Amino acid sequence: MGRKRMFVQNYHKIEKNIGVLNDINWEHHIKQYVRGMRKYAFKDNSSDEEAETSLRQLRRKHQIVKFLVLSNLLIEPIFDPLRELLPQAFAKVVPIEGDITLPLLGISSDNLSLLRKTVSVVIHSAATVKFDEPLNVAMNINLGGTSKVLELAESMELIKAVVYVSTAFSNCERSFIEEKIYPVRIDPVTAITMYQKCDEDFLEAIKPVLVGDKPNTYVLTKHLAEELVNQWKMAVPVCVVRPSIVIAAYKHPIPGTRVVVKVLRLPCAS
């Protein structure tokens with residue numbers, strides 16, 4: 001009965017919070033934030049259609065002036081309606097070379113200088129979403145990549161926000177998940193040092209200990225990345241979002257759209 005009573009209390013708490021959130025005019029707040037400010041958004045790419053849709057929505061709804069995009073993403077059909085409606089908008093999208101696994105994200109010195117001088121919003125969604133990824137690979141991309149993005153964000157002169165796109169399943173072993181960062185089994189900085197210095201066989205041998213009651217390396221490394229972002233909150237303004245499963249689009253931008261792109265992407269907006 002105790003667990004049932006706790007569940008009911010938590011359910012009503014969620015209902016109350018949702019009611020408060022629904023009363024907030026988020027569209028107005030976002031527009032007010034963007035309007036009148038020189039805004040550059042640096043956004044790297046996830047491996048599913050979330051990135052394509054979010055880029056298009058930012059451009060269409062919030063008057064972002066410029067993006068720096070890493071990939072050939074713009075040739076995807078999802079952008080065809082925008083290309084027909086506002087072909088000039090694509091002149092404001094500038095491609096940048098990079099790699100989430102390389103030092104300084106593999107970005108050239110000239111482009112790094114541009115990012116550091118102009119970017120004020122960072123949206124980090126680059127990740128491997130393979131559930132059976134070897135531990136060293138998942139840590140290198142999901143945890144090490146997040147560390148590199150945070151380090152770059154700290155060096156940006158105009159930085160106002162770093163948004164880390166996690167997953168609703170980062171704490172899926174829990175029956176009830178609140179909007180907070182839960183304790184991790186290993187410090188993320190220690191985990192980064194471990195995968196950098198230890199060979200793959202050793203990491204696979206200790207994987208059961210590190211993964212614990214989590215279902216796979218994806219969930220583990222996304223949880224570790226959340227804690228890493230939390231540790232940076234005094235250096236840069238951070239936010240963690242936990243989207244659930246990304247499925248085909250209902251209406252916008254194209255009904256039924258589902259694009260999978262396994263590349264790194266970085267928008268930069270003004």
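Test of understanding: what is the full-extension gain from residue 239 to residue 112, defined as 0.36 nm times their sequence separation minus their Cα-Cα distance?
Numbers: separation 127, 0.36 × 127 = 45.72 nm, distance 2.28 nm.
Stretched out fully, the residue 239 to residue 112 stretch lengthens by 43.4 nm.
Is the range 132-207 rounded, prolate or oblate when judged by the Cα gyration tensor, a ≥ b ≥ c being the square roots of its eigenvalues, rounded requiring a/c under 1.5 and prolate requiring a/b larger than b/c?
oblate
For residue 251 and residue 230, what is the calculated FRET efficiency with R₀ set at 51 Å and r taken between the beta-carbons, to the nearest 0.05?
Here the calculated transfer efficiency is 0.90.
For the pair residue 190/residue 92, report the inter-label distance in nm, with labels modelled 7 Å from Cα in the Cβ direction.
Between residue 190 and residue 92, the simple spin-label model gives 4.7 nm.
Rounded to the nearest 0.05, what FRET efficiency is calculated for residue 202 and residue 161 with R0 set to 41 Å and r the Cβ-Cβ distance?
Working from the Cβ atoms, E equals 0.65.
All of the numbers you see were taken from the coordinates with simple rules; none came from a lab. If you're wondering where the values come from, they're calculated on a predicted model, not measured in any experiment. Glycine gets a Cβ as well: all are built from the backbone with ideal geometry, and neighbour counts include every protein chain shown.
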